[in-house]
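We did not get these values from a lab; they are worked out from the coordinates using the rules stated. Everything numeric in this text was worked out from a predicted model, so none of it was measured. Note: ideal-geometry Cβ built from the backbone for every residue, glycine included; neighbour counts use all protein chains shown.
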Amino acid sequence: MSDEKYIFQPETKKALIIAAVLGIILVIAGILTTGSGSHGADEHQTMVNASENLLASTDHTALVAADAEGDHHGETAPWLKRLFTNLWINNVYFTGIAIIGLCFVAIQYAASAGWSAGIKRIPLAMASWLPFAAVLMIAVWFVANHDIFHWTHTSLYGADGDDILKGKQAFFFWPLTGEGGLPIFYILRMVIFFGLWYMFFIWIKKEMLAEDLNGGTKHWFKLRSLSAIFLIVFAVSSSISAWDWVMSIDPHWFSTMFGWYVFASWWVTGLAGITFGVIWLKEKGYLKIVNENHLHDLGKFVFAFSIFWAYIWFSQFLLIYYANIPEETIYFIERMKTSPYSWVFYVNLIANFLLPFLLFMTRDAKRKMAIMKLVAIIVFVGHWFDFYLMISPGVMKQQGGIGFMEIGMTLIFGAAFIFVMLTNLAKVPLVAKNHPMLEESLHHHT
Amino acid sequence: MKADKNFVLGVYEDEDILIKAIKATRSAGIKIQEVYSPFPVHGIEDALGYGRSKMPIVAFMFGFLGTVLALVMQYGMMGFDWPMIIGGKDFVALPPFIPVTFELTVLLAALGMVGTFMVINDLKPYNKPRIYDLRITDDKHVMAIDLGVNKVNKNEITKILQKSGAIEVNDKNFD
């Protein structure tokens, strides 16, 4: 087996830089068109009225009104708030793709999977984004916390504050109270999760590269144990990070499915990323050892987990729909029946369930690179909408929307992500030549 | 000679020899009726030149039938036959119909596939199966060649089978 290595061509670099510059121009265009006018306030009032009508018979009304007043604390301009929202959406989205890269590698080792031996370097390279994600996430949190997270306002925890948030303050502010202001427990969790993920990434990567040099099965067995431990850590941390980074944007609302929901969304996006990466490299003439049997398995993964995502989505929706409790249904009313979001709500379902389900149903579709690329792109866009729909309504209320800024920011993040991924991919051999299961992977047949 | 009555059976001991023999027999222009083996032999369907199974299409058809039936059934029941107020929802509301629709889709796809499999393989109840050779359930592979559909004569077939590594070549007649 030759030492195949990916070469990061200057043309590719140039294309990525152009994409990023285009993104910056689009973001600036978005800022200029959003402006700093306060025309959103009227719309906001209509929405508060609508919620009051909806909830007229419950004492929840007071709470929604208090919520609305709470939003007027900061005098942040709409464009800045929207910029923060975009930063947060893309942070969560691309952090997910990166950590799923590591999670995929770990699952392959923990399950002693042979078929994937030839493609593990691609998910590993995806996880190289983790340190950048950590820095960006923590930095954006410190700049934008009052705009994105309603619960960070200390005035909510005073004597005439918000009773629901007072009940949750320990989860954010421990060992302080809400009036203390600094959510130590929350920040600590963010730092610890990124720390643990990065630590396992370095550890697993080191063993994988040592295997290239030394061969033997010693590294494989060590990787299997490491992976099993990482998966336990990730099972807990992915759930809690979903509550922290996404669910706490709507702090009065909660769903017990939410950790799974975010994981399902991350996981299928990450799988689409691996699929797209493998096909892209194959079309460039790399990865000769990967044939349509391996692609078929990746296709089955994307197909199956699109259905899994829909299952989780529907389970969350049906429970809330049936129970019909105002503080729960408000989440779906904001997304399904309120103006800038209701089309995204349906696009989300079509792009993430219906299209992958129908396009990927036959065996042939999962073995053809053109269809696989198409589905991967649909899944990327669809799950971006999914995170948009989780985050934007809670922050922007009715002032949100999809325009230049959303497209531009996604381009910047995407280009940066791919740049980091390809840079790291070029540093190591593309094929793990001493992987004990490489031979099995070569003869993989589905 | 009538079809499906008179057979020549090649008996093989080893599955690698069997697969080579299947290829040799087919390239000599002989149609193989069926090959019986006590365990699944990898690559045998390629050697026999079988195309892709059409079972996925059957699964889709029955699954789609299940989806349609479930939706129509619930629409009829909740909308016309016996409307009930449940949790203050509309009589005909899509979300609560989805779990039933899902279950019926899966059920009909599964039962439809099992049924189709039994029909195309002639596995009807009280069907008395033909036994070509008792050892196919134990340790021998048997290749059955229908004399009624082959133009090659019996001696020729016997010769080819013996050359391809058959430990025995037997006749079998069903009346």
Could you tell me which chymotrypsin sites (Phe, Trp or Tyr not before Pro) in the range A:338-446 are loop residues by DSSP with no more than 13 other beta carbons within 10 angstrom of their beta carbon? none
Gaussian network model of chain A, Cα springs within a sub-10 Å range: biggest mean-square fluctuation belongs to which of A:LEU136, A:LEU430, A:LEU213? A:LEU213
Once the Cα gyration tensor of the protein assembly as shown is diagonalised, what are the square roots of 5 times its eigenvalues, in whole Å and ordered largest first, as equivalent ellipsoid semi-axes? 57, 33, 20
In terms of the ratio Rg/(2.2 N^0.38 Å) built on C-alpha atoms, what value belongs to the range B:55-120? 1.33
Averaging the inverse of every distinct alpha carbon separation and then flipping it gives the Kirkwood radius. What is it for the range B:42-165, in angstrom units? 19.6 Å
Suppose R0 equals 51 Å; then what is the FRET efficiency for A:HIS146 and B:ALA110 from their Cβ-Cβ distance, rounded to the nearest 0.05? 0.40
With label points set 7 Å from each Cα along the Cα-to-Cβ direction at B:ASP138 and B:VAL72, the distance between them in nm comes to 5.3 nm
In chain B, which helices (entire DSSP H runs) extend 24 Å or more along their own long axis, judged by Cα positions, while averaging at least 0.5 on the Kyte-Doolittle scale? B:55-76, B:94-120
Describe numerically, in nm with one decimal, the distance between label points set 7 Å from Cα along Cα→Cβ at A:THR12 and at B:PHE80. 6.1 nm
Put +1 on the Cβ of every Lys and Arg and -1 on every Asp and Glu Cβ in the protein assembly as shown; which of A:HIS445, A:CYS103, A:LEU165 then has its Cα farthest towards the positive end of the dipole? A:HIS445
Magnitude of the charge dipole, chain A, Cβ model with Lys/Arg +1 and Asp/Glu -1, debye to 20: 2200 debye
How high is the FRET efficiency from A:ALA228 to B:GLU168, r the C-beta distance, R0 45 Å, rounded to 0.05? 0.25
For the range A:129-251, report the convex hull volume of the alpha-carbon atoms normalised per residue, in Å³, without decimals. 99 Å³
Mean separation of Cα contacts under 8 Å, 6 or more apart, over the residue count of chain B: relative contact order %: 55 percent
Are there DSSP H segments in chain A that both extend 20 Å or more along their axis (alpha-carbon positions) and score a mean Kyte-Doolittle hydropathy of at least 0.0? List them, or say none. A:10-34, A:78-110, A:130-148, A:184-214, A:218-245, A:258-283, A:292-323, A:369-396, A:404-427
